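Please read the structure below before turning to the comments.
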Amino acid sequence: MSSSSPSPSPAPSSPPASPSCSSVSAASRCSSSTVFAPDLSPHFNDPFLSDFQLSLTSPEGAEFARFHVHGIVLAGQSGYFKSLLQNWMASGSQALSLTVTEEELPAAKAMLVAAYANSVPKDADPHQLLATMVLADRYQLRVCVEACRSQLLGLEPKALGWGTVLALLRLPAGLRESEAFAAVTERAHERVLDVFGNLDEAWTSRSSRAAWLSLPCEAVERL
């Protein structure tokens, strides 16, 4: 009886490229059913049973922060992290990195905590929620995306600051129209209608005129 020699282990491949926000909608791959998951946030950045260290680095390579993370938590939620961890495990390295800008740093930290907590703080600032949701969509952390989405949808349109409204309306079209973001973007349009429903009256205010001039053309056309 002949026996074949075992196939050689494949060489570790390079880490997956960060998916584009305009082409990835993590929440669109979520089940519509509610998933009750434990709060693992006390274990975030805890070296006990941690198998990787994750660095948040600038595009220039400067390290902003480093955290102890657990592969099972991140890979269990995200195809991106699953591929990333598989590549690093094959290479024997325990150091991972995500490239973020300094402006994205608070959202990146919030995203990682939310991945462990399976929720976001109930008092989270709407603008921060949106920034976290966009970053979580980029890295396919679907639980975080859905948590941010649900909380934003639970707010009245008037609770959205004008900066958050503009940020939503200025998202790339592919992201804005995705299943994850479409309903949230609609809240931004509702806020615009609330402010400019009576355009003659709104135009008497200098601040309202400035807000009007800051709107994207698409938002103006919908009024």
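Some notes on this structure:
- Summing charges over neighbours of residue 97, with a neighbour being any other residue whose Cβ is under 11 Å away from its Cβ, gives 0 when K and R count +1 and D and E count -1.
- Accessible area per residue for the range 141-212 is 49 Å², calculated with a 1.4 Å probe on protein heavy atoms, without ligands, DNA or RNA.
- Backbone amide hydrogens, once placed in the peptide plane, bring residue 97 within less than 5 Å of 55, excluding anything fewer than 5 places away on its chain.
- Carbon + sulfur, % of accessible area of the range 134-196 - ligands and nucleic acids excluded, 1.4 Å: 51 percent
- Between residue 94 and residue 51, the simple spin-label model (points 7 angstrom out along Cα→Cβ) gives 1.2 nm.
- Assuming charge only on the beta carbon of Lys and Arg (+1) and of Asp and Glu (-1), the dipole of the range 105-223 about its Cα centre is about 360 debye to the nearest 20.
- Chain lengthening between residue 190 and residue 65 when straightened (0.36 nm per residue, less Cα-Cα): 41.2 nm
- Loop-located GluC sites (Glu not before Pro) in the range 94-160 (DSSP state other than H, G, I, E, B) with a sparse environment of at most 16 neighbouring Cβ atoms within 10 Å: 102, 103.
- Working note: Debye formula, equal point scatterers on the alpha-carbon atoms of the range 53-127, no solvent; log10 I(q)/I(0) at q = 0.19 Å⁻¹ is -0.86.
- With R₀ set to 30 Å, the beta-carbon distance separating residue 203 from residue 101 gives a calculated FRET efficiency near 0.25.
- Cβ-based net charge around residue 201, under 13 Å, with every Lys or Arg adding one and every Asp or Glu removing one: -1
- With both labels modelled 7 Å from their Cα along Cα-to-Cβ, the residue 182 to residue 39 distance reads 3.4 nm.
- The range 33-192 shape via C-alpha gyration tensor axes, a/c threshold 1.5: prolate
The values are calculated or read from the model by the stated rules, or taken from the named source; none is laboratory data. Source: prediction; values computed, not measured. Cβ: placed from backbone, ideal geometry, glycine included. Neighbour counts: every protein chain shown. Remember, those area values only see protein heavy atoms, side chains included, never the ligands or the DNA or RNA. Shrake-Rupley method; radii C 1.70, N 1.55, O 1.52, S 1.80 Å.
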